[in-house]
Amino acid sequence: SELVLEGPEFMNFLVSFITADRTLYKKLSERAQKLGSRKPSHFSVSLEEFLEFHELLENLEALEVAMSVVGSKEGVSQEEFGRAAKAVVGRRPGESVVKALFGLFDANGDGKLAKGEFVEAMKLGRRSMDMPRNLGVLEFMKKIYECAKYEIVD
């Protein structure tokens with residue numbers, strides 16, 4: 001069986017990333033809770049999608065530039081976000097990841113992610129977690145995946 005994060009769990013991960021700005025954290029927590037309680041709201045993020053998203057987080061500056069190139073001053077649509085991500089990491093994020101990002105960070109509901117709605121929040125989160133990243137979330141999740149893979153095979 002595949003390792004997955006349910007949609008609300010992934011949104012909570014995104015929200016937990018932004019602890020430095022308590023006002024933004026509270027607003028996003030409330031939005032995540034509201035989105036998670038909607039029916040039908042079921043979606044999940046696979047381990048592979050999570051790891052790919054984490055790679056985007058590691059390249060926020062490049063993503064910001066790519067979003068500026070493909071989008072308008074209002075921001076980027078889901079399609080444009082996918083193109084920007086592909087330009088940065090070589091692939092589009094999974095549909096569930098995009099659904100969660102736009103659900104949480106499209107504050108005004110215009111169907112576009114503005115730079116301030118997503119990239120700035122993620123940069124803030126990254127700065128608040130400014131710690132040695134010799135293992136980091138990505139390596140940790142890879143280790144969990146490897147353990148699970150070997151456990152299933154044996």
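The values are calculated or read from the model by the stated rules, or taken from the named source; none is laboratory data. Predicted model, so just to flag it, every value in this text is computed and none were measured. We place every Cβ from the backbone using ideal geometry, glycine too, and count neighbours over all the protein chains shown. When the accessible area is computed, the model is the full protein with side chains, heavy atoms only, and any ligands, DNA or RNA have been set aside. Shrake-Rupley method; radii C 1.70, N 1.55, O 1.52, S 1.80 Å.
Out of the total accessible area of the stretch 1-125 (probe 1.4 Å, heavy atoms of protein only), what percent is carbon and sulfur?
50
Simple spin-label model, 7 Å along Cα-to-Cβ: Lys26 to Asp110 in nm?
2.6
Based on the Cβ-Cβ distance from Val65 to Lys34, what FRET efficiency comes out when R0 is 30 Å, to the nearest 0.05?
E between Val65 and Lys34, to the nearest 0.05, is 0.40.
What number comes out for accessible area per residue over the stretch 1-119 if the probe is 1.4 Å? Units Å², please.
Value returned for the stretch 1-119: 52 Å² of accessible area per residue.
Just check the stretch 45-110 against the gyration tensor rule for me: Cα atoms, a ≥ b ≥ c as the square roots of the eigenvalues, rounded for a/c under 1.5, and otherwise prolate or oblate depending on whether a/b exceeds b/c.
Oblate is the answer for the stretch 45-110, as a/c is 1.5 or above yet b/c matches or exceeds a/b.
Within the stretch 49-80, whose backbone N sits under 16 Å from a point 7 Å along Cα→Cβ of Tyr145?
49-58
Let me check against my output: what whole-number percent is the relative contact order of the stretch 52-113, with C-alpha pairs under 8 Å and at least 6 apart?
33
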